[in-house]
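The values are calculated or read from the model by the stated rules, or taken from the named source; none is laboratory data. Only a predicted model underlies this, so the values are computations on that prediction, with no experimental measurement involved. Using ideal geometry, Cβ is built from the backbone for each residue, glycine included, and neighbour counts are taken over all protein chains shown. Each accessible area value is taken on the protein alone, full model and side chains, heavy atoms only, with ligands, DNA and RNA left out. Shrake-Rupley method; radii C 1.70, N 1.55, O 1.52, S 1.80 Å.
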Amino acid sequence: VIAPSGFVLLVENRAAFAAVHTNLNAVAGEYSGKLDNAGERLRLLRPEGANEVVVDEVIYDRAAPWPAAAAGEGPSLQLIDNRRDRNRVGNWAADTNVLYTPGAPNSVSRALPAFPLLWLNELQATNVSGIRDNMNEREPWLELYNAEGGSLMLTNFYLTDTYTNLVKWRFPAGAFAPGSGFRIVWLDNETGETAGTNYHASFRPSTSTGSVALVYSNAGTIVIVDYMNYLPIPVDRSYGSYPDGHWTNRMLFLYPTPGGTNNDAGAPVTVRINEWMADNETFMTDPYGESDDWIELYNYGTNAVNLTDFGLTDNLNSPAKWRFPTGTVIQAGGYLLVWADNGHPTQTN
């Protein structure tokens with residue numbers, strides 16, 4: 001039972017925890033799983049008959065814009081405002097003074113403004129044969145999706161392609177995103193071409209690995225509303241969310257849809273289960289020196305494939321039994337070996 005405004009803790013080792021902390025009454029039990037320092041999806045589930053209902057979830061990462069100090073430097077990831085969306089990177093922080101607060105109020109707690117229902121929805125980094133801007137030029141573009149019922153003013157919003165300068169480009173006065181609709185921003189580094197609702201940002205997206213972030217300024221507080229960290233996007237394809245606004249499910253799109261609902265007919269997944277060994281006794285050893293079972297995947301395509309949010313299972317009743325760590329990639333013509341040992345922290349070769 002969690003008391004009002006109370007806490008419950010799961011720890012790996014109760015005795016080890018007791019040697020460091022005093023708030024043992026909050027410890028509900030020992031957790032046999034492992035948290036992946038490279039990032040993963042955490043879910044709080046409630047059994048409901050034969051199903052499980054998601055009560056809360058968060059997908060965290062070690063890569064920017066997530067707090068670098070929480071990636072093995074001592075501090076924990078702490079929620080800033082529990083009234084707000086827990087699945088926003090702008091609602092998490094690491095405190096280098098108060099490293100962690102198990103069983104107690106978070107040291108970073110403060111009130112945040114409500115996150116607008118505005119999302120980075122689709123990005124085309126290399127536009128060769130797609131739409132043209134108001135200067136009749138084919139340029140890179142970014143699509144925003146506003147899930148609010150009414151128009152959302154963008155005057156205090158920014159876009160950036162670098163986490164070292166979150167206010168790189170500010171939307172012009174009067175800029176808005178239509179209610180339950182889309183807004184295209186041209187990422188061509190030609191701000192002088194902005195006219196009417198044709199907004200031109202002050203940067204061009206990387207055509208290889210890159211980032212784009214949507215940032216909001218409120219009374220001097222800078223908050224990241226949404227972000228994309230992406231791998232190379234093939235020419236004339238796009239990368240974004242499906243369904244619209246669902247940032248936890250992003251993918252490559254075979255058919256870009258600027259200004260419209262995203263089409264989930266994504267680029268073909270050119271990955272196959274290529275080989276496996278179900279009873280490995282002497283053939284090869286894993287990073288722990290053990291002869292564990294393994295599965296080999298092969299990418300037969302000509303483009304790298306990002307396996308984030310993909311997974312493996314040996315039980316079709318549990319399709320999400322194991323997921324690949326965020327950022328796992330198989331290069332074109334490459335192989336990926338996964339150890340099926342059901343015991344050690346995730347290891348990929």
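Miscellaneous remarks
- Residues of segment 208-253 satisfying the condition of being within 28 Å of Val128 (Cβ to Cβ), among the β-branched types (Val, Ile, Thr) and over 13 Å from the mean Cα position of the chain (by Cα): Thr209, Ile233, Val235
- Verdict on Asn306 being in contact with a Gly (Cβ under 8 Å, 6 or more places away or on another chain), polar (S, T, N, Q) and farther than 24 Å from Trp247 by Cα: no
- Selected residue (only one of Asp95, Asp133, Asp81 is over 22 Å from the mean Cα position of the chain (by Cα) and buried (at least 16 other Cβ atoms within 10 Å of the Cβ)): Asp133
- The condition of being in a strand (DSSP E or B), open to solvent by less than 50 Å² (accessible area, probe 1.4 Å) and among the aliphatic types (A, V, I, L, M) holds for only one of Leu123, Leu112, that being Leu123.
- Qualifying residue in segment 317-335 (condition: surrounded by 12 or more Cβ atoms within 10 Å (Cβ to Cβ), in contact (Cβ under 8 Å) with a residue 40 or more places away in the chain and in contact with a Lys or Arg (Cβ under 7 Å, 6 or more places away or on another chain)): yes
- Residue within segment 134-142 that is assigned to a loop (DSSP other than H, G, I, E, B) and within 27 Å of Ala93 (Cβ to Cβ) present: no
- Tally, over segment 283-309, of residues that are open to solvent by 50 Å² or more (accessible area, probe 1.4 Å), in a loop (DSSP other than H, G, I, E, B), under 29 Å from Thr209 (Cα atoms) and without any contact (Cβ under 8 Å) to a residue 40 or more places away in the chain: 2
- Where Arg46 falls short, out of the listed (1) out of contact with any Gly (no Cβ under 9 Å at 6 or more places or on another chain); (2) outside any strand (DSSP E or B); (3) at pLDDT 90 or above: (2)
- A residue that is open to solvent by less than 50 Å² (accessible area, probe 1.4 Å), modelled with pLDDT of 80 or more, part of a strand (DSSP E or B) and under 30 Å from Asp133 (Cβ atoms) occurs nowhere in segment 259-278.
- The sole residue among Gly103, Gly90, Gly49, Gly29 that is farther than 20 Å from Met228 by Cα, touching a residue at least 40 places away in the same chain (Cβ under 8 Å) and of a type in the set (Gly, Ala, Ser) is Gly103.
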